[in-house]
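A.B. asks: Let me begin by handing over the structure; questions about it come next.
Rule-based calculations on the coordinates, nothing more; no lab input. Note that the coordinates shown come from a computational prediction; the quantities given were computed from them, not determined experimentally. Heads up, the Cβs are rebuilt from the backbone with ideal geometry, glycines too, and the neighbour counts pull from every protein chain shown.
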Amino acid sequence: MKITGEYTIADEYKKIDGDARRNLRYAIILVALLGLLLALIALNINLGSVSVPIKDIGKILLGHGSDLTEHDIIWKIRLPRMMAALVLGGALSLSGFLLQTYFNNPIAGPYVLGISSGSKLVVAIVMVTAMSKHYVMNSATMIIAAFVGAMVTMGFVLLVAQSVKRSTMLIVSGVMIAYICSAITDFIVTFADDASIVNLHNWSLGSFSGTSWEDVRVMAIVVLTTSLIVFFMSKPIGAYQLGESYAQNMGVNIKVFRIVLVTLSSLLCACVIAFAGPISFVGIAVPHLIKGLLRTSKPLIVIPVCFLGGSIFCLGCDLIARTAFAPLELSLGSVTAVFGAPIVIWIMLRKKERG
């Protein structure tokens, strides 16, 4: 009994040491990501078709700059765009995390499942209709239209998910839904007037450009409120990850939980589509990278870091889109695809090896 007691105490010390090491790793990762975020923020403010000297940036941010052109570039163009990348990048990553949790599939995401394309279709219809009637679309209308499109597309995806057994077929079905929605969108654009075509073309490529402080205010309210709700749902999400039976035993109402999960994910995706257009692969790649980096799937830890990772990913991709061939600007969706698609292929290969 004495030996058993000593062994138990030793094991307990090992457990404490392991927890301490794990918490230290989390802290180091968080500090590193915050440092990378600050570096990208500085670069996004400094670099562009017009480079603002670093020594003048602090003065301009404090309102002491003398150059009105540089002041307008930073305050009216770069800062709102940077804030949009931070907020919407985090929203897209978090939306992907919720979908991966719901379907228990590492390559489930708003772009792959066709949800982004469904939102894009409804927004295109509303946009063309409003422009033909000479109506000005506000932020609320855009978000509602994108949300309706996301929910309708999600409904089709859920119907397919009930009919197919293999997750591969679910992904293929999502891709087909995306193609159908994109084809209908192209058909609508064909019969739109010239002004509508230009606006739809720029928006459909994905971009944070043209963001105003009013847009930032609206998207921040919607995204941050939704993200906070997701964070407070960490416990039921963690229980759901361990299986429906376990979640039910823990007191989770599965039907209500699924509805809430789908609604929150669609709302986050809709906000991104409304303000920035379709942005590919962020919702798949970032959550997987974060979970691999943290070596855990615990929602209480993954959710805030996942949001931070999405912000960093989109901020970096937007910087490349703006500066790689300045003054020409690449589409944001193309840049995110270049970095995100290889990660998705890697995920699929790993999944095949495990299978």
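A.B. asks: Which order do the peptides 131-143, 288-300 take when ranked by the mean count of other beta-carbon atoms within 10 Å per residue, highest first? It would help to have the intermediate numbers written out before the result.
C.D. replies: Numbers: 131-143: 13.8, 288-300: 17.1.
Ranking the peptides 131-143, 288-300 by packing returns 288-300, 131-143.
A.B. asks: Still on this model: If you stretched the chain out fully between Asp72 and Val31, how much longer would it get, using 0.36 nm times the residue separation minus the C-alpha to C-alpha distance?
C.D. replies: Full extension from Asp72 to Val31 adds 11.6 nm.
A.B. asks: Relative to the first principal axis of the alpha-carbon coordinates of the chain, what is the inclination of helix 213-232, with its axis defined by its Cα atoms, in degrees from 0 to 90 and to the nearest 10?
C.D. replies: The angle comes out at about 10 degrees.
A.B. asks: Which is farthest toward the positive dipole end of the chain among Ser311, Val256, Phe147, measuring Cα position about the Cα centre, with Cβ charges +1 (Lys, Arg) and -1 (Asp, Glu)?
C.D. replies: Towards the positive end, the residue furthest out is Val256.
A.B. asks: Also, I was wondering about something else. Would you indicate which of (i) 1.02; (ii) 0.96; (iii) 1.08 is the value of Cα Rg over 2.2 N^0.38 Å derived from the coordinates of this structure?
C.D. replies: Structure-derived value, by its label: (iii).
A.B. asks: Quick one: compute the contact order of the chain, relative version, from alpha carbon pairs under 8 angstrom and 6+ residues apart, as a percent.
C.D. replies: Averaging sequence separation for qualifying contacts and normalising by length gives 29 percent for the chain.
A.B. asks: Could you work out how far helix 254-276 tilts from the main Cα principal axis of the chain, as a 0 to 90 degree angle to the nearest 10?
C.D. replies: The answer is roughly 30 degrees.
A.B. asks: Determine the sum of side-chain charges near Val136: Lys and Arg each +1, Asp and Glu each -1, restricted to other residues whose C-beta is under 15 angstrom from that of Val136.
C.D. replies: With Lys, Arg at +1 and Asp, Glu at -1, the net is -1.
A.B. asks: To continue, here is another question. Test of understanding: what is the full-extension gain from Ile320 to Asn23, defined as 0.36 nm times their sequence separation minus their Cα-Cα distance?
C.D. replies: Values: separation 297, 0.36 × 297 = 106.92 nm, distance 3.33 nm.
Full extension of this stretch gives 103.6 nm more.
A.B. asks: Of Arg21, Arg350, how do they rank once you tally other Cβ atoms within 10 Å and put the fewest first?
C.D. replies: Taking fewest neighbouring Cβ atoms as first place, the list is Arg21, Arg350.
A.B. asks: Something else: Going highest first, how would you order 260-270, 23-33 by mean Cβ packing within 10 Å?
C.D. replies: 260-270, 23-33
A.B. asks: Oh, and also: Using only the alpha-carbon atoms, how far is helix 139-163 inclined from the longest principal axis of the chain? Give it as 0 to 90 degrees, nearest 10.
C.D. replies: So the inclination is approximately 50 degrees.
A.B. asks: Give me the one-decimal nm value for the distance between modelled label points at Ser334 and Ile144, 7 Å along each residue's Cα-to-Cβ direction.
C.D. replies: Result: 3.6 nm between the two label points.
A.B. asks: In the structure displayed, which of Lys255/Lys291; Lys55/Lys291; Lys255/Lys298; Lys120/Lys235 lie more than 29 Å apart, Cα to Cα?
C.D. replies: Working: Lys255/Lys291 26 Å; Lys55/Lys291 38 Å; Lys255/Lys298 22 Å; Lys120/Lys235 33 Å.
With Cα atoms farther than 29 Å apart: Lys55/Lys291; Lys120/Lys235.
A.B. asks: Dipole of the chain, Cα-centred, from +1 at each Lys and Arg C-beta and -1 at each Asp and Glu C-beta, to the nearest 20 debye?
C.D. replies: Charge dipole, the chain, about its Cα centre: 1160 debye, nearest 20.
A.B. asks: Still on this structure, please answer the following. Would you calculate, for the chain, the mean residue ellipticity at 222 nm contributed by helices, counting each DSSP H stretch of 4 or more residues as -39,500 (n - 2.57) and dividing by all residues, to the nearest 500?
C.D. replies: Roughly -27000 deg cm²/dmol at 222 nm, from the helical runs in the chain.
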